[in-house]
Every structure is written in C-alpha cells, then in structure tokens.
Amino acid sequence: MSETVKKRSKSRVSGVDRFLTVVRVLMATLIVIGIVAFIAQQVWPGNPFADWRNPDARGLTGDQFKGLVVSGLSQGAMYGLIALGYSMVYGVLGFINFAHGEVFMVGTMSGWITSEKLHDAGLWESNFILSLFLIILVAITTSTVTAIITERIAYRPLRSSPRLIPLITSIGVSFFIQNAVLGLFGPASKGYPRLPEWLSKQRSIFTVEIAGTKILVMVVAAISMASLWYLVERTQTGRAMRAVAEDKEIASLMGINVNRTIVITFGVGGAMAGVGGILWGLLFRSVTHMTGFLPGIKAFTAAVVGGIGNMGGAMAGGVFLGSAESIAPMVILEPLGVPGVSQLKDAVAFTVLVLVLLFKPSGLFGEKLSQEDRA
Amino acid sequence: MTETALLEFRSVNTHYGAVHILKDVDLAIYPGEMVCLLGGNASGKSTTLKTLLGMVTPTSGHVLLDGEVVNDKPTSYRVTNGVTMVPENRRLFKRLTVKENLELGAYLRDDREGIEEDLENIYELFPRVKERLSQKAGTLSGGEQQMVAIGRALMSRPRVLLMDEPSMGLAPALVQQNFELIQQIHEEGMAIFMVEQNANMALSIADRGWVLQTGRVVLDDTAEALLANPELRSSYLGES
C-alpha cells in the first residue's frame with residue numbers, strides 16, 4: 001500500500017518539475033543575495049563583496065529611496081487602473097483583450113487634443129482645474145466609447161467561438177487602433193501643454209519629497225478605484241456584473257440582460273483606462289500612437305500578477321509591479337554588479353511576472369483555477 | 001378545461017442545429033397544481049424547461065403564458081410574469097454572498113418593501129439561511145445551497161416554480177426533506193413543475209405527470225395512474 005503511494009508520488013515528479021524547482025531556488029537565491037548585498041552596502045559601503053561586484057555603486061540615500069517608492073507607486077497606480085480593464089473583461093468573457101492598451105492610448109490622445117485646444121483658448125492657464133475636469137471627461141468618454149464599439153463589432157459576433165479566437169481578434173483590433181491613430185495624427189510625439197507651477201512643483205509631505213503631479217495621479221487613481229469598488233460591490237449593476245462573470249445562463253435566468261452587462265463591463269474598463277490615460281499624459285506629457293503598447297502589456301502583467309479576474313488583485317498587482325520595477329533595479333540588481341540597471345525596468349517587470357507564476361501560478365490574490373477554467 | 005393554463009406547449013418542436021429534440025410536445029400547467037415530467041437521459045427534459053423559460057426558441061408550435069403566445073419573448077419577460085426555475089445542481093453564484101444570491105432573485109423587481117417582506121418570509125421558511133447571509137454561497141453545504149436556490153427562485157414572486165432535478169446531488173437523507181419542502185411551498189398555492197429522475201418520489205407528491213421519451217410525450221396521466229402503470233419503469237424510464 002505505502003509502496004504504491006510512494007511509486008505514484010515518485011512518478012509525478014517529472015523533469016520539468018525538477019527544472020522548475022532549480023529555477024525557483026536560483027531566482028530566490030539571487031533576490032536574497034541582492035537584498036543582502038544592498039543592505040551590506042548601505043551599512044558598510046566598502047565591504048569586500050561590494051568592492052568585488054560593483055565598486056562604483058554608492059548605495060541609496062534615504063531620499064533617493066523614498067523617491068523611488070513614490071514614482072513606483074504613482075506608476076503602479078496607473079498600471080492598476082489599466083489592469084482593471086483586463087481583469088474585468090477576463091472575468092466576464094474569459095479572454096484577454098489585448099486591445100485594452102490601445103483603449104488607454106486613445107484616452108491619452110484625446111486628452112492631448114483637448115488640452116491643446118484648451119491651451120489655445122487660454123483656459124488651460126486661467127482655469128486649470130476646470131480644464132483638468134474637461135480632459136478627464138473627454139478621455140473617459142473616448143475610451144469608453146472605443147471599448148464599447150470594439151466589443152460590439154469585434155467580440156460579440158465571436159461570443160460563442162473558442163476563447164482563442166477573440167484573443168487573436170483583440171491583437172488585430174490593437175493593430176487597427178494603433179494604425180488608425182497613426183494615420184490620423186502622424187507618428188510624431190505629441191506633448192501635453194506645460195502644467196501650472198503650483199501643481200507640478202515639489203512638495204514635502206511627511207518628509208517625502210514628491211512632485212505635485214504624482215500626488216494628483218495617486219489621488220485620482222484612488223478615487224477612481226474606490227468608485228469602481230463601490231459600483232461593483234454595492235450596486236445592483238455591480239451585482240449583475242459579478243453574477244454574469246460567474247454564470248451567464250443563470251444570470252439570464254434571474255432576468256439579467258447579459259449582453260448589456262457585458263457592454264457595461266467593457267465600458268467601465270474603458271473608463272478606467274481613460275482616467276489612466278490622462279494621468280499618464282499629465283505625468284509624462286507626451287503621447288504617440290505606440291503609447292498604449294508597453295503600459296498595456298505591463299498592466300496585463302499586473303493583472304496576472306494580482307490574479308486575473310480579481311479586481312482587488314488587479315489594483316494591488318499594478319501597485320506591486322510599479323513599485324517593483326522602480327525599486328528592484330537599484331536594490332537587487334545594482335549591488336550584484338549588473339550594469340545600467342536604471343534601464344532594466346521592463347526586464348524587471350516581466351521577471352516579476354515569471355517569479356509570481358513560478359511561485360503562485362494563480363497570482364498573488366487569485367483563486368485556484370478549476371480544470372474547466374484553465375482551458 | 002375552461003380555466004386558462006398558466007404555461008402551455010402546443011405541439012412544440014425544437015432543434016439544436018439539425019437534431020430534432022422535442023417532437024410535437026403538448027403540455028399544460030394550471031395555477032396551483034403540482035405536475036412532474038419524467039424521462040430517462042436525453043429524453044428532452046432540460047430542453048423542455050429551457051423552452052418554457054425562453055432560453056430555447058421552438059422551431060414550430062407555440063409556448064403560451066396565461067394564454068398568450070410568448071415564443072419570442074425573452075427570459076426576463078417570463079420571469080417578470082411569474083415563471084422561474086430552480087436549476088439543476090442549484091447553480092448558486094458561489095462567489096457571491098447568500099444575501100446577494102437572494103437579492104439577485106429579485107433583480108427584475110423594484111418594490112423595495114415587497115422585496116424586504118419576501119426576504120423575511122424566506123428567513124422564516126429557512127432559518128438556517130438567515131444565519132449564513134453574509135457567507136459566500138460556495139461555502140454552504142448541499143442542503144443549505146438547495147434552500148438558497150429555492151429562496152432565490154421565490155424572490156421573483158413566481159406563480160409557477162420549475163424545478164430541474166431537485167433531488168440530484170443531495171444526500172439521501174436530504175432528498176425526503178427536500179420533497180417535503182417542495183410540498184410545503186406547493187401547499188401555499190404555488191404551481192410546481194418538476195423534472196425528476198426519482199419517479200417514485202415525484203409521482204407520490206404530484207397531481208399529474210408526463211413521460212418523455214426521445215422528445216415525445218409517451219404517457220400523460222394522473223400521478224396515481226402512472227404509479228400503477230407497470231410499464232412505466234421498464235419501458236420508459238430505462239430502468240430495469
């Protein structure tokens with residue numbers, strides 16, 4: 001009896017499992033060594049390991065570290081806003097809408113157009129708060145409408161086909177929107193008008209030096225996420241969305257209009273991407289037709305890291321990913337003697353994805369997927 | 001009969017693609033009665049329910065609700081007009097709380113006081129459910145889930161309750177209890193249309209019954225007559 005059990009458990013450990021274990025151990029060791037080396041460097045800058053690996057590294061001052069955390073958080077808040085769209089659509093329809101990054105880009109782009117017009121009219125300088133509301137409104141509307149239109153013409157006709165089909169379609173939609181924007185506005189990078197001094201200047205809050213723009217980003221992101229949470233958890237519409245995500249047939253049996261609920265889901269995801277787009281525009285002040293690509297992929301990563309289909313996970317995943325890609329290069333990679341660490345943000349972001357998938361395949365906050373969901 | 005049937009099939013045919021499922025099916029459910037539909041696997045029982053609810057549209061024939069043809073009316077129309085179903089295996093929204101499940105049952109209603117009143121009635125009917133309101137429905141036991149599923153259906157204030165295999169997946173001890181519950185609801189005036197594999201149990205509480213075989217109604221009689229019919233099991237239900 002015990003022998004057969006042993007045999008079975010033995011045969012379960014395949015070569016792939018062993019390989020993965022080795023990778024897990026290696027990754028974990030690397031991170032631990034990096035962090036230990038970082039701490040050693042902080043405490044004793046000229047220690048032998050630091051001298052050997054990276055004699056030029058100076059370590060970080062407290063202010064630098066706080067700066068990294070703050071940029072990580074504001075960047076992460078935007079990833080989180082975009083990630084919500086991926087996660088919600090996945091929750092309801094079970095496929096990844098790769099065109100969502102473009103929905104975000106369209107928001108940034110429409111915000112640029114509006115802000116240019118407002119700048120020309122002089123309202124940007126004279127009444128910035130009103131202008132801000134206007135561009136946010138325009139971006140939300142544009143992104144929402146884009147998301148709803150793509151659902152209607154690209155995804156709804158494919159509702160009953162295998163999930164791979166809408167996934168591939170979404171890549172096509174993504175190319176289409178990119179190129180449409182390229183055709184309409186050209187390839188040049190477009191700059192948002194300068195922000196008023198009172199907003200963008202550095203402020204000191206709880207000993208943390210922080211640019212006003214980043215505060216704005218975090219505050220707006222927090223407000224949007226809170227209102228989304230309220231919508232999903234506390235309203236009849238949100239209850240319907242969650243019901244549809246779980247079981248469409250029974251949801252329609254309750255009298256829920258499933259199609260309308262799916263449209264609302266796309267729309268709300270689009271609105272969040274629109275808000276994210278404006279924040280992106282305000283923070284980086286430039287937009288091209290390719291703006292949506294990398295943030296889109298990162299946000300998708302954030303959604304997976306947080307546990308796809310889970311909204312709280314998407315937000316947390318975004319913040320986690322943003323912080324990681326901001327902090328990890330300096331804290332883990334530099335003490336190890338990796339050259340040019342500040343350019344390794346993107347590599348770090350995707351390494352985080354690999355790490356999370358290695359250690360917790362369903363994401364940080366994800367539920368265990370059943371066999372049927374995994375298809 | 002002069003009384004108008006609550007729900008009625010008049011020579012209904014349905015197809016899934018080229019496959020002919022229901023063949024000239026006639027059914028009628030009158031207010032306040034308890035009827036059951038029996039049949040083996042793949043006899044068209046589930047399709048019958050889906051057609052009654054408007055999830056499947058008949059290719060010919062008529063579905064009538066209160067004597068009005070509702071072939072093209074959506075499910076929500078039928079739910080608003082008093083038809084609802086307790087699905088097979090209960091199919092609760094497992095990630096939602098018990099309270100949310102019950103509230104979703106009343107999704108199409110907007111009379112706040114009426115909903116509150118019905119919630120209270122359900123708590124009275126199922127005191128166990130009240131204790132678990134804020135729990136995720138997926139964490140409940142099978143028997144408790146059954147209570148929530150029935151409660152959820154009752155929240156739409158139905159006049160007829162369609163029940164798809166109510167005893168499926170329940171522990172044997174609960175099956176009896178479940179049938180008593182159905183009877184209790186029925187005694188309060190609810191029409192019940194039950195689809196069951198457990199023919200004995202179903203017929204012992206029903207007024208009338210139909211037997212479906214490969215999409216055709218082969219027997220249509222009172223429950224007593226069906227129970228007494230020696231051929232019922234061997235020929236129609238595929239039991240030995």
Quick one: what Rg and Dmax do you get for chain B from the alpha carbons, in Å? 17.6, 52
In nm, give the distance between the simple-model label positions of A:SER227 and B:ARG233, each being 7 Å from the Cα along the Cα-to-Cβ direction. 6.5
Helical mean residue ellipticity (222 nm; -39500 (n - 2.57) per DSSP H run of 4+; nearest 500) of chain B: -10000 deg cm²/dmol
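If you average 1/r over all unlike Cα pairs in segment A:207-324 and invert the result, what Kirkwood radius do you get in angstrom?
On the way: mean 1/r = 0.0630 Å⁻¹.
This gives a value of 15.9 Å.
Can you compute the FRET efficiency between B:GLN176 and B:ASN89 using 1/(1 + (r/R0)^6), with r the Cβ-Cβ distance and R0 = 25 Å? Round to the nearest 0.05.
Calculated transfer efficiency: 0.85.
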Working from the alpha-carbon coordinates of the protein assembly as shown, get Rg over Rh, Rh being the Kirkwood radius. 1.08
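Is the C-alpha gyration tensor of segment B:89-157 telling us rounded, prolate or oblate? Criteria: a/c under 1.5 is rounded; beyond that, a/b larger than b/c is prolate, otherwise oblate. Kindly include the intermediate steps, with their values, before the conclusion.
Working: a/c = 1.82, a/b = 1.48, b/c = 1.23.
Prolate.
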For segment A:60-359, what ratio Rg/Rh do Cα atoms give with a Kirkwood hydrodynamic radius? 0.98
Projected label distance in nm at A:VAL25 and B:ALA42, using a 7 Å step from Cα toward the beta-carbon: 5.3
Between segment A:217-241 and segment B:98-118, how many Å separate their Cα centres? 22
Just name one of A:TRP229, A:VAL145, A:LEU130: the one whose Cα is farthest towards the positive end of the charge dipole of chain A (beta-carbon charges, Lys/Arg +1, Asp/Glu -1). A:TRP229
Given A:LYS248/B:LYS50; B:LYS94/B:LYS136; B:LYS50/B:LYS73; B:LYS45/B:LYS94, which pairs have Cα atoms separated by over 18 Å? B:LYS45/B:LYS94
With runs of 4+ DSSP H residues as the only contributors, calculate the mean residue ellipticity of chain A at 222 nm using -39,500 (n - 2.57) per run, divided by the residue total and rounded to the nearest 500. -24000 deg cm²/dmol
Does segment A:258-332 come out rounded, prolate or oblate by the C-alpha gyration tensor, with a ≥ b ≥ c the root eigenvalues, rounded set by a/c under 1.5 and, if not, prolate when a/b is larger than b/c and oblate if not? oblate
Zone residues, segment B:31-69, relative to B:MET168, backbone N less than 11 Å from point 7 Å out along Cα-to-Cβ: B:41-42, B:45-47
Spelling out what I want: for every residue of segment A:265-276, take phi, set θ = phi - 60°, compute 6.51 cos²θ - 1.76 cosθ + 1.60 (Karplus), and round to whole Hz; glycine and proline get x. 4, 4, x, 5, x, x, 4, 5, 5, x, 4, x
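Any read-out appearing in this document is the output of simple, stated calculations on the displayed coordinates, not a laboratory observation. If you're wondering where the values come from, they're calculated on a predicted model, not measured in any experiment. Don't worry about glycine lacking a Cβ; one is built from the backbone with ideal geometry, like all the others, and counts go over all protein chains shown.
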